[in-house]
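The structure under discussion appears below in the form of structure tokens.
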Amino acid sequence: MSRSRRTFRTWRAGRRFRNWRQPRRREWPGIFRDVAYLTEKLGRWHPDALRARWWVSQWLRDEDRHTDVLRLAEAEVADRTAEFGEDDPGTLRSRSSLASALRGAGDLDGAVAVARAVVADSVRVLGPDHPDTRSRRADIARYLAENGNPAEGVRLLRTLYTESRAFGSERETQTRSLRYQLIVALELGGEFPEALDLLGEEIADEAGTVYGIDEFTGDHNMKHLREWRGRLLAKAVIR
């Protein structure tokens, strides 16, 4: 029987998952043992066990071990569904993560299918304007654009972008995220003039962003956007 009380041993096992940095020595057997130990002693849904599994998935993605990420995502969905049901918000999040894992593993058809089902359930359970529902609708559009159907992806993203802009500064962060995804989809579809117009808006907004103490973040982002604009201009000329 698992215990929910933390001990020194659980603290020691969990400390490697308290920082965003991946351990320098990638001793995966030891990492997996610590995750299993935390899960056994604290319970599968204890915050420390959840955090450990989340970081492991991120580190595996960093190493392009997408098959392992998919295996963990499938197990998470199965366990959450059995424990809480398909409509639980946590299960919906796990199912959305599964769609992302399928995408990473190269199964874009599967990613689209899972994402569509999650959106339908999110609309029914959370409502059409819930932040998670809106985010998952954008996920479908991105998967479609990457899966050889940029036209439908662009159509969905245009709708989401227009809806978000109507709320003004209240949804500025989401609007910029959607604009970024729309530019990517437009580029995939070869619609370079519109992509360049939107990228110009993004660069203007980025120029007005205040990052505070982390001043180098702005430099990195702006450099990326300007390089992206250069690539788009080159593609537009070639076309």
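The values are calculated or read from the model by the stated rules, or taken from the named source; none is laboratory data. Everything numeric here is computed off the predicted structure, so don't read it as measured data. Positions of Cβ are backbone-derived with ideal geometry, glycine not excepted, and every protein chain shown enters the neighbour counts. Accessible surface is based on the protein model in full, side chains and every heavy atom, while ligands, DNA and RNA are left aside. Shrake-Rupley method; radii C 1.70, N 1.55, O 1.52, S 1.80 Å.
Per-residue 3J(HN,Hα) values for region 29-46, derived from phi via the Karplus relation 6.51 cos²θ - 1.76 cosθ + 1.60 with θ = phi - 60°, read x, x, 4, 5, 5, 5, 4, 5, 5, 4, 5, 5, 7, 9, x, 4, 9, 5 Hz in sequence order (x marks Gly and Pro). Ignoring ligands, DNA and RNA, please state the percent of accessible area on the chain from carbon and sulfur, probe 1.4 Å. Percent of accessible area from carbon and sulfur atoms in the chain: 52.
Coupling constants for region 158-166 follow from the phi torsions by the Karplus curve (6.51 cos²θ - 1.76 cosθ + 1.60, θ = phi - 60°), and in residue order they are 4, 4, 5, 5, 5, 4, 5, 4, 5 Hz; glycine and proline get x. Label-to-label distance for residue 65 and residue 201 is 4.2 nm, based on points extended 7 Å past Cα in the beta-carbon direction. Set the Cα radius of gyration of the chain against 2.2 N^0.38 Å, with N its number of residues, and you get 1.16. Using the rule -39500 (n - 2.57) for each DSSP H run of four or more residues, divided by the residues of the chain, the 222 nm mean residue ellipticity is -25000 deg cm²/dmol. What angle do you read, to the nearest 10 degrees and between 0 and 90, between the alpha-carbon axis of helix 192-207 and the longest principal axis of the chain? Around 70 degrees separate the two axes. Using the 1.4 Å probe convention, the accessible area of the chain works out to 57 Å² per residue with neighbouring protein chains retained.
Using alpha carbon centroids, what distance separates region 153-202 and region 60-119, in Å? Between the Cα centres of region 153-202 and region 60-119 lies a distance of 26 Å.
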